[in-house]
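Inspection log for the structure reproduced underneath, given as structure tokens.
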Ligand SMILES: *Cc1c(COP(=O)(O)O)cnc(C)c1O
């Protein structure tokens, strides 16, 4: 590193603006200054290291510095690092599409590449609306999304979002979205399903699509719902002639114990959005859809999807995304999750016993604990989670909370000993905070 640690911090305070970070809080903390990462660890310039408790914002499902990913990136960079995908095609893009469709739910047959998760969602929005316009149904322009939903931060994706702090400031520029209840709570999902059922049946002439995160709402605080709800939603939307868009940007790539979370429900959506773990090291996203949707864009030129991002299908991203899928096969990554989720389950059962922990839950490589708020916590703006963050940091783990929800979402290939250490740190940090 050319700069000293303190120079990095000084320049940061002078010039940087961080995502999801209140400036005053930031300036009052000594940040982690990461210089390198390896496996499940982030290394600070001061020599300390941190277990990456959230896979660096849910991306590093294969940990950091996987040698096969590094060589795939290098090899692709040497031959073809970037070119457009309009009027041009290339091997990494077509082979990746083939590989993705081989693992994807049966019936998906077309891949459209984007830059990241948010743009995959925006694409799905436009794809749905124009697909109906092309079918002579121009009034089908509305969307239904769930309470607590998070689908990204572009204006389109924010419109679908149901976390208040993320949308309130922009309310004036967001498109209208019908909000349906999150399918959980007393009595299971039955009542929530009844509500969305009424919405969809009554609004089917104006609704283009229902959009849901698959099985788990990440940003809302790692909330899970019954796969049976997704199964019923599939039937409901199909019968009503409404598209079902499933957001697998977070829940895909084995995070919940199956390659795609919608496999828990055994369904095929009309559009499946992916990103995050997809290409491991560089931004990339995609929407996978059916031949039926694709075919509605045939015909005169104005019927085409006049849409695309500069870096869509980038060869380096595509080569990486292919190598990711190959590593999933060769290292049996999803099978590893089935074994490790038992370890996470056991740890969170212990954590549930800590006084001040309100509830815990787990699925696949996700474990979460809600803290009974002692400090007048307020969802994302609550302070208790950040006290656990500080305790965990002192003990060697990076554990960014979701408000007063503490969670782990480590690399899927984390070493067992590192997983034990991480879970031990979570437990100790919670005990220290709630003492
Ligand atoms: C992160 C996320 C997105 C947005 O992805 P970006 O790559 O940040 O644009 C969309 N949906 C879900 C469920 C996510 O977790």
Self-check item: In segment 120-144, the residues that are in contact with a helix residue (DSSP H, G or I) (Cβ under 6 Å, 6 or more places away or on another chain) and within 11 Å of the ligand (Cβ to nearest atom)
Solution: 121, 122
Quiz prompt | Filter pass, residue 170 being over 23 Å from residue 238 (Cβ atoms) and in contact (Cβ under 8 Å) with a residue 40 or more places away in the chain | solution = no
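Would you mention how many residues in segment 118-144 are part of a helix (DSSP H, G or I) and under 25 Å from the mean Cα position of the chain (by Cα)? Please lay out each step first, then the result.
Filtering segment 118-144 down to residues part of a helix (DSSP H, G or I) leaves 118-134.
Add one more test, that the residue is under 25 Å from the mean Cα position of the chain (by Cα), and what stays is 118-129.
Of the residues in segment 118-144, 12 are part of a helix (DSSP H, G or I) and under 25 Å from the mean Cα position of the chain (by Cα).
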Quiz item: Looking at (1) in contact with a strand residue (DSSP E or B) (Cβ under 9 Å, 6 or more places away or on another chain); (2) assigned to a loop (DSSP other than H, G, I, E, B); (3) farther than 30 Å from residue 259 by Cα, which is the one condition that is false for residue 105?
Solution: (3)
Exercise. Report those strands (runs of 3 or more DSSP E) wholly inside segment 201-299 carrying at least 1 residues which are free of Cβ contacts under 8 Å to residues at least 60 places away in the same chain and touching a helix residue (DSSP H, G or I) at 6+ places or on another chain (Cβ under 9 Å).
Key: 243-247
Quiz item: Just a yes or no: is a residue in segment 274-289 surrounded by 19 or more Cβ atoms within 10 Å (Cβ to Cβ), away from the ligand (no atom under 14 Å from the Cβ) and under 22 Å from residue 244 (Cα atoms)?
Solution: yes
Quiz item: How many of the residues in segment 393-411 are outside any loop (DSSP other than H, G, I, E, B), closer than 19 Å to residue 381 by Cα and in contact with a helix residue (DSSP H, G or I) (Cβ under 6 Å, 6 or more places away or on another chain)?
Solution: 1
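Suppose the filter is more than 23 Å from the chain's Cα centre (by Cα), without any contact (Cβ under 8 Å) to a residue 24 or more places away in the chain and away from the ligand (no atom under 15 Å from the Cβ); does residue 303 pass it? Talk me through it step by step, then tell me what you get.
Working: more than 23 Å from the chain's Cα centre (by Cα): yes; without any contact (Cβ under 8 Å) to a residue 24 or more places away in the chain: no; away from the ligand (no atom under 15 Å from the Cβ): yes.
Here the answer is no, as residue 303 does not meet what is asked.
How many residues are within 13 Å of the ligand (Cβ to nearest atom) and free of Cβ contacts under 8 Å to residues at least 60 places away in the same chain if we restrict to segment 36-56?
Qualifying residue count for the region: 1.
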Exercise. Among the residues of segment 33-79, write down those that are touching a strand residue (DSSP E or B) at 6+ places or on another chain (Cβ under 6 Å) and loosely packed, with under 15 Cβ neighbours inside 10 Å.
Key: 35, 36, 38, 65
Practice problem: Please work out which one of (1) assigned to a helix (DSSP H, G or I); (2) closer than 27 Å to residue 290 by Cα is the condition residue 84 fails and give its number. | Solution: (1)
Quiz item: Which condition number in (1) without any contact (Cβ under 8 Å) to a residue 12 or more places away in the chain; (2) touching a strand residue (DSSP E or B) at 6+ places or on another chain (Cβ under 6 Å) is the one that residue 417 fails?
Solution: (2)
Practice problem: Could you tell me which residue of segment 145-176 is surrounded by the most Cβ atoms within 10 Å (Cβ to Cβ), considering only residues that are in a loop (DSSP other than H, G, I, E, B) and more than 15 Å from the ligand (Cβ to nearest atom)? | Solution: 174
Quiz prompt | Every pair of residues 6+ apart whose Cβ atoms lie under 7 Å, when the first sits in segment 104-130 and is within 18 Å of residue 314 (Cα to Cα) while the second is in a helix (DSSP H, G or I) and within 16 Å of the ligand (Cβ to nearest atom) | solution = 112/123; 114/120; 114/123; 117/276; 118/157
Quiz item: Looking at this structure, is residue 98 away from the ligand (no atom under 16 Å from the Cβ), in a helix (DSSP H, G or I) and either loosely packed, with under 15 Cβ neighbours inside 10 Å or modelled with pLDDT of 95 or more (or both)?
Solution: yes
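Looking only at helices (runs of 4 or more DSSP H) that lie completely in segment 1-68, which have at least 1 residues being modelled with pLDDT of 95 or more and in contact with a helix residue (DSSP H, G or I) (Cβ under 7 Å, 6 or more places away or on another chain)?
Numbers: elements: 5-15, 23-27, 55-58.
Fully inside segment 1-68 and qualifying: 5-15, 55-58.
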Quiz item: Somewhere in segment 223-243, is a residue closer than 30 Å to residue 72 by Cβ and buried (at least 19 other Cβ atoms within 10 Å of the Cβ)?
Solution: no
Quiz item: List, please: which pairs have Cβ atoms under 7 Å, are six or more places apart or on different chains, and start with a residue in segment 143-158 that is farther than 17 Å from residue 183 by Cβ and end with one that is at pLDDT below 95?
Solution: 158/166; 158/167
Quiz item: Any idea which residue in segment 207-226 is farthest from the chain's Cα centre (by Cα), counting only those that are closer than 20 Å to residue 158 by Cα and more than 16 Å from the ligand (Cβ to nearest atom)?
Solution: 207
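The values are calculated or read from the model by the stated rules, or taken from the named source; none is laboratory data. Since the model is a prediction, treat every value here as computed from it, not as a measurement. Positions of Cβ are backbone-derived with ideal geometry, glycine not excepted, and every protein chain shown enters the neighbour counts.
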